[in-house]
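Heads up, the thing below is written out as structure tokens.
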Amino acid sequence: MIVRPRGDYFLLIQQHDHALLAGELAKHLSQTIRPREETLFGIANHDVGWKELDQQVVWNQEANRP
């Protein structure tokens, strides 16, 4: 989970969502990627292992934050 403090709340971004966005950005920013499909797949799925872990936010009691 990517955690960004925003004043009185936290912005939480799941790792795989971040990776999917990176894949979309790569698709539109570079036409010179070779091998294209395999590389874009790798970019978009580089955090797929976090999907299950990011389903529940773990709260740090000492820091009073996720």
Exercise. Kindly express, to the nearest 10 degrees and within the range 0 to 90, the angle between helix 15-29's C-alpha long axis and the longest C-alpha principal axis of the chain.
Key: 30
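Can you pull out the GluC sites (Glu not before Pro) in the chain whose DSSP state is coil and whose Cβ has at most 15 other Cβ atoms within 10 Å?
Within the chain, the qualifying GluC sites (Glu not before Pro) (loop, at most 15 other Cβ atoms within 10 Å) are 52, 62.
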Self-check item: Of (i) 31, 13, 6; (ii) 17, 12, 11; (iii) 19, 13, 10, the label for semi-axes √(5λ) of the Cα gyration tensor in Å derived from the coordinates
Solution: (i)
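Hey, what number do you get for the chain at 222 nm if only DSSP H runs of n ≥ 4 count, each worth -39500 (n - 2.57), divided across all residues, to the nearest 500?
Mean residue ellipticity at 222 nm (helix-derived): -11500 deg cm²/dmol.
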Quiz item: All other residues with a Cβ under 15 Å from the Cβ of residue 15 taken together, and with Lys, Arg as +1 and Asp, Glu as -1, what is their net charge?
Solution: -2
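Quick one: accessible area per residue over the chain, 1.4 Å probe, rounded to a whole number of Å²? Don't jump to the answer; show the numbers that get you there.
Details: 5240 Å² over 66 residues.
Value for the chain: 79 Å² per residue.
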Quiz item: Can you pull the percent of the chain's accessible area that's carbon plus sulfur, 1.4 Å probe, other chains left in place?
Solution: 56
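The values are calculated or read from the model by the stated rules, or taken from the named source; none is laboratory data. Just so we're clear, the structure is a prediction, and the values are computed from it rather than from any experiment. Heads up, the Cβs are rebuilt from the backbone with ideal geometry, glycines too, and the neighbour counts pull from every protein chain shown. All accessible areas refer to the heavy atoms of the entire protein, side chains included, with ligands and DNA or RNA removed. Shrake-Rupley method; radii C 1.70, N 1.55, O 1.52, S 1.80 Å.
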